[in-house]
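First comes the structure, then the notes that go with it.
The values are calculated or read from the model by the stated rules, or taken from the named source; none is laboratory data. Quick caveat, the model's predicted, so the values are computed rather than measured. Please note: Cβ atoms are built from the backbone with ideal geometry, for glycine as well, and neighbour counts cover all protein chains shown.
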Amino acid sequence: MDDGTPVRLRLDLGYDGAGFAGWARQPAQRTVQGVIEEALGRALRLDPPPSLTVAGRTDAGVHARGQVAHVDLAADLYARLGDALPRRLAGLLPSDVRIWRVAPAPDGFDARFSALSRRYAYRVCDNPMGVDPLRRHDVLWHQRPLDIARMDEAAALLRGEHDFAAFCRRREGATTIRELLRLAWERDASGYAVATVEADAFCHSMVRALVGALLMVGDGRRDTGWPAQVLAARVRDSAVNVAPAHGLTLEEVRYPDAAGLALRARQTRRVRTLAADA
């Protein structure tokens, strides 16, 4: 293999989003992408540093435990460090970002387009005394008591493939059709209300808008059918409060087996329409 032949590396990583202006690199802002690319550039002695492609761009303040990205490098650059690259990065990265694994990706792998789904968790404390101070950065304090059964009933009406325009910030030329694979609420061992939200992809602010609507059901301000009515209208409703970013964590990105990676990437790139709109 020629030393200049590119090799694609998969990076598995996590971060505390509190100190970042989101994932995506922005001028004069501290971002997860910017911090990791800078560390990669130093580790590999590359200027400018290599560019990362991520499974899902998280907003400012959102955390990740199971984020995935890829980077393309010349084979000789990777060979220079190989198995030592994760350890080198551990010494270069700040403590609020960790890269747990770096390895050559299978043929056809694309961190963004090959993904089958992304799974998030949103954690809420409705204890009237407040949230555990040690969890204040990743759990929202909601001062009204929440009825999990009502929230789950409302959530069930939102699952499936829909146009989620009512819960997304529109981007010119981008579709808001998504398949919501899972949306469910439960109490964890700490008594927190936890929403598990999984979809093939998400548009901007979608998870937090869904959570915000369901919190209004849970505390009795809206009936269980209201979020589905908002969804059907396909327009942003000013009554929907977008939940704060700090309660949200990207937990997992799922991919097909190696044989299905390239096909999945091709499928994901297509422009989707709903059957009723076709």
So which of 187, 135 is over 27 Å from residue 115 (Cβ atoms), under 21 Å from the mean Cα position of the chain (by Cα) and without any contact (Cβ under 8 Å) to a residue 60 or more places away in the chain? 135
Using the structure shown, decide if residue 61 is part of a loop (DSSP other than H, G, I, E, B) and either in the same structural domain as residue 204 (by TED's automatic domain parsing) or basic (Lys, Arg) (or both). no
Within the stretch 202-251, the residues that are crowded, with 19+ Cβ neighbours inside 10 Å, assigned to a loop (DSSP other than H, G, I, E, B) and not aromatic (Phe, Trp, Tyr) are 203, 222, 224, 240, 243
Please give the number of the condition residue 49 fails out of (1) in contact with a His (Cβ under 9 Å, 6 or more places away or on another chain); (2) surrounded by 17 or more Cβ atoms within 10 Å (Cβ to Cβ). (1)
Single match in 123, 112, 159 (criterion: at pLDDT 95 or above, basic (Lys, Arg), under 24 Å from residue 57 (Cα atoms) and in contact with a helix residue (DSSP H, G or I) (Cβ under 6 Å, 6 or more places away or on another chain)): 123
Residue by residue through the stretch 100-124, note down the ones that are closer than 19 Å to residue 49 by Cα and buried (at least 21 other Cβ atoms within 10 Å of the Cβ). 102, 111
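Considering each residue of the stretch 39-58, count those that are free of Cβ contacts under 8 Å to residues at least 24 places away in the same chain and assigned to a helix (DSSP H, G or I), and give that number. Full working, then the answer.
First pass over the stretch 39-58, keeping only residues free of Cβ contacts under 8 Å to residues at least 24 places away in the same chain: 41, 45, 47-51.
Checking the rest, the ones that are also assigned to a helix (DSSP H, G or I) come to 41.
The total comes to 1.
Given the criteria outside the structural domain of residue 251 (by TED's automatic domain parsing) and within 23 Å of residue 264 (Cβ to Cβ), does residue 26 qualify? Full working, then the answer.
Values: outside the structural domain of residue 251 (by TED's automatic domain parsing): yes; within 23 Å of residue 264 (Cβ to Cβ): no.
No: the conditions fail for residue 26.
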